[in-house]
Amino acid sequence: MLSSVLGAIELGFLYALMALGVYITFRILDFPDLTVDGSFATGGGIAAVMISNGYNPLLASIVAFAGGIAAGACTGLLHTKGKINGLLSGILMMIALYSINMRIMRGKPNIAMISVDTVFTSINPWIVLPIFIIIVLLLMNWFLHTDLGLALRATGDNDRMIRSLGANTDTTKIIGISLANGLVALAGALIAQQSGFADINMGIGMIVIGLASVIIGEAIFGARNVIHATIAVVLGAIVYRIVVALALRVPWLDASDLKIITAVIVIVALVFPTVSRSIKQKKLAKKRTAELTGVLSKGAAGGDLHA
Amino acid sequence: MLEINQVSKLFNPGTPDEKIALNHINVNLRPGDFITLIGSNGAGKSTLMNIISGVMKPDAGDVMIDGKIISHLPEYQRSRWIGRVFQDPMAGTAPHMTIEENLAMAFARGKRRGLKMSIKASRRQMFRESLERLGIGLENRLRAKVGLLSGGERQALSLLMATFTQPDILLLDEHTAALDPARAELITRLTESIVREMKLTTLMVTHNMEQAIRLGNRLIMMDKGQIILDIDEQRKKSLTVEELLGEFARISGHKLSDDRMVLA
Ligand SMILES: Nc1ncnc2c1ncn2[C@@H]1O[C@H](COP(=O)(O)OP(=O)(O)O)[C@@H](O)[C@H]1O
Ligand SMILES: [Mg+2]
């Protein structure tokens, strides 16, 4: 029990990178980017091929990050310059990446990293991972508070305004989507190294897992500002992994049931705020109507209406 | 300063909804001009603003600033010269960002946006001083999200953001129309003082006839995609609302109709 929770926390740190990428596209740019399912495997594939061929695992992880950036840039270009609908741009890129990833992995759907060093060899993950995530959080928060970062955030918040203030929103979108997929691919590379293999299908459902992490984080820890929100995303990714680890210990649940559990988490989180808002609205409308008509009927008919 | 030369714009060409929004328009804004622009609904006033700011490209004709043709430049490149306030108070600010972040973005107008921190202590002091001039207490709420502000407060902030870097040209498209009368009056007063102090060359669309006469040094009237009247400072001084409406009816052959029109 304890060991599975500890393992979940460790995995959570790695998946947090992916979730931060999803946070950039989904929350900051307001762009539902499905490239993620492909670029996650791109990262894993690049790392596995390079490391099993004797390259330095750190170098392999950096190349994986760059590979994700390239994939994101393609999606961004399709959407901004090609004027293709955002969802469709991501789906097209995700499909194309399947073939590209297969090429990267030399036609093998699964590559193991046996008896080679990875970034996890000879480190203590309990020290290195938290420090690494904190550094990523610091870098990301620094970037999102620079002039360029502000323009990126405004692109998702009010693109008409930031264009009228002189930012090229095509460029800011491409930068944001690239950066997001870079993080996702880096997560793929690290998770492949941690588990000792890369699989062509390792990215399936990643977007939903990322969304679940973002939403869980926001629900539990809040999202008052960017600093708060990014920390919440990391914590959300860890909580998600713990939920998954615990769910796997329930005897009548299969590992394959995880996807529907994840989907349900996201659905509830997306539906709940809208429904609760409209219920509140209705209540308020009822109350105000009662108040207003009460005043009117009293004023107009002096209460005779009820006689 | 700003020259609009034979500009035409056609919407939905070749469809049953085809519509000539601008029909060979010529306008010349001299430095320091403050022009009020009036006209019926659908006269093409907003389309003219969109073509000046680069949101739309003209189908024919040129837009020039200081003798340079800028018709081919995208909106974000023209913003160096052009500040703009929209009718919708929601349109000019980013709701999920703070007041100081919004101001920092306005401050970066016309500059390259790089990896420098957007808010520093010195800038924050400058933001506070600019906000104080609005006189509505926003200087004490630098870190409040703009989405929490009222429509009037947001529009005051939009006005400040549009004029922060002293643009060559200020475009105001019915920027008080969505506000209640008291708020509209406040924004009008702020507009007047900012335009005067910064000596901004301004083009302001308004549906308030009294305001159109009182403000600025020129009044332009549009109808059906054309400029039908251009009144200079001298004549504007003695003009009354009745005369203005009469003039409009005489030239255009119909009454000035605007569902939000305010006469006094
Ligand atoms: N994006 C657009 N697509 C099609 N028709 C438009 C568009 N924008 C404006 N129009 C039409 O062009 C005409 C001029 O509109 P507009 O410039 O908004 O008028 P005004 O601001 O003077 O009320 C109107 O008939 C309007 O319906
Ligand atoms: Mg208009």
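The values are calculated or read from the model by the stated rules, or taken from the named source; none is laboratory data. These numbers were taken from a predicted model, which means no experiment stands behind them. Please note: Cβ atoms are built from the backbone with ideal geometry, for glycine as well, and neighbour counts cover all protein chains shown. Just the protein is used for accessible areas: all its heavy atoms, side chains included, with ligands, DNA and RNA removed. Shrake-Rupley method; radii C 1.70, N 1.55, O 1.52, S 1.80 Å.
Brief remarks follow.
- Residues whose amide H lies under 5 Å from that of B:ASP223, counting only those 5 or more places away or on a different chain, are B:ILE228; hydrogens are built 1.01 Å from N in the peptide plane.
- Over the protein assembly as shown, accessible surface divided per residue gives 46 Å², non-protein components excluded, 1.4 Å probe.
- Charge-dipole axis of the protein assembly as shown as Lys and Arg at +1 and Asp and Glu at -1 on Cβ define it, positive-most pick from A:VAL49, B:GLY135, B:PHE86: A:VAL49
- Antiparallel DSSP beta bridges within chain B, percent to nearest 5: 50 percent
- Bridge type composition, the protein assembly as shown - antiparallel percent by DSSP, nearest 5: 55 percent
- Listed residue (A:LEU58, A:ASN101, A:GLY196) projecting farthest to the positive dipole end of chain A, Cβ model: A:ASN101
- Chain A against chain B buries an accessible area of about 2400 Å², both chains summed, 1.4 Å probe radius.
- The fraction of accessible area contributed by carbon and sulfur in chain B is 50 percent, rounded to a whole number (1.4 Å probe; ligands and nucleic acids excluded).
- 3J(HN,Hα) along the stretch A:108-116: 9, x, 8, 10, 9, 10, 9, 6, 10 Hz, from the Karplus curve 6.51 cos²θ - 1.76 cosθ + 1.60 with θ = phi - 60°, whole Hz, x for Gly and Pro.
- Pairwise Cα distances in the stretch A:2-249 exceed 33 Å in 14 percent of cases.
- For chain A, the longest principal axis of the alpha carbon atoms and the long axis of helix A:36-52 meet at an angle near 20°.
- Near the amide H of B:THR202, within less than 5 Å, lie the amide hydrogens of B:ASP33, B:PHE34, B:ILE35, B:LEU170, all on another chain or at least 5 residues away, with H placed in the peptide plane.
- Members of the stretch B:110-124 that become less accessible by 40 Å² or more once partner protein chains are added (1.4 angstrom probe, chain alone as reference): B:ARG113, B:LEU115, B:MET117, B:SER118
- Dimensionless Rg/Rh of the protein assembly as shown - Kirkwood Rh, Rg from C-alpha atoms: 1.07
- Counting only Cβ charges, +1 for Lys and Arg and -1 for Asp and Glu, the dipole size of the stretch A:1-124 around its Cα centre is about 380 debye.
- Against chain A, whose longest principal axis is taken from its Cα atoms, helix A:226-248 shows a tilt of about 70°.
- Residues in the stretch A:263-273 carry Karplus couplings, in order, of 4, 5, 4, 5, 4, 4, 5, 7, 7, 3, x Hz; the curve used is 6.51 cos²θ - 1.76 cosθ + 1.60 with θ = phi - 60°, and Gly or Pro positions show x.
- Rounded to 10°, Cα long-axis angle of helix A:2-22 versus longest principal axis of chain A: 80 degrees
- The stretch A:93-172: trypsin sites (Lys or Arg not before Pro) in DSSP loop, at most 14 other beta carbons within 10 Å: A:ARG106
- Highest mobility in the GNM of chain A, judged by mean-square fluctuation with C-alpha springs under 10 Å and restricted to A:GLY217, A:GLY12, A:GLY205, is found for A:GLY205.
- Above 20 Å, the calculated P(r) of the stretch A:191-277 contains 43 percent of its Cα-Cα pairs.
- Rounded to the nearest 20 debye, dipole of chain A from Cβ charges on Lys, Arg, Asp, Glu: 880 debye
- Of A:ALA285, A:ALA192, A:ALA47, the one that fluctuates the most in a GNM where chain A has Cα springs shorter than 10 Å: A:ALA285
- A P(r) calculated from all alpha carbon pairs of chain B, with 5 Å bins opening at zero, reads 1, 6, 13, 16, 18, 16, 13, 9, 5, 2, 1, 0 percent.
- Shielded residues, the stretch A:149-170 - accessible-area loss of 40 Å² or more between chain alone and all protein chains, probe 1.4 Å: A:LEU150, A:ARG153, A:ASP157, A:ASN158, A:ARG160, A:MET161, A:ARG163, A:SER164, A:LEU165, A:GLY166, A:ASN168
- B:GLU18 contributes about 100 Å² of solvent-accessible surface, heavy atoms of the protein only, 1.4 Å probe.
- Amide proton proximity set for A:LEU34, modelled H, under 5 Å, gap of 5+: A:GLY90, A:ILE91
- With the helix formula -39500 (n - 2.57) applied to DSSP H stretches of n ≥ 4, chain A reaches a computed 222 nm mean residue ellipticity of -25500 deg cm²/dmol.
- With an a/c value of 1.5 or above and a/b not larger than b/c for the gyration tensor axes a ≥ b ≥ c computed over the alpha-carbon atoms, the stretch A:84-130 is described as oblate.
- Note on surface exposure: B:MET64, A:MET94 rank A:MET94, B:MET64 by accessible area, highest first, 1.4 Å probe.
- Geometric descriptor of the stretch A:54-169, per residue, is 147 Å³ (volume of the convex hull of the Cα atoms).
- Solvent-accessible area, 1.4 Å probe, carbon plus sulfur percent, for the stretch A:2-249: 69 percent
- With both labels modelled 7 Å from their Cα along Cα-to-Cβ, the B:ASP66 to A:SER278 distance reads 5.4 nm.
- For A:ILE162, the shell of other residues with beta-carbons less than 12 Å away shows a net charge of 0, using +1 for Lys and Arg and -1 for Asp and Glu.
- The HN-Hα couplings worked out from phi for the stretch A:212-221 by the Karplus form 6.51 cos²θ - 1.76 cosθ + 1.60 (θ = phi - 60°) are 4, 4, 4, 5, 4, x, 5, 5, 7, 10 Hz, whole numbers, x standing for Gly and Pro.
- Computed magnitude of the charge dipole of the protein assembly as shown (debye, nearest 20; Cβ of K, R +1, Cβ of D, E -1): 660 debye
- GNM remark for chain B: springs join alpha carbons under 10 Å apart, and the peak mean-square fluctuation among B:SER252, B:SER46, B:SER158 falls on B:SER252.
- Sorted peptide list for B:132-140, A:15-23, criterion being average Cβ within 10 angstrom, highest first: A:15-23, B:132-140
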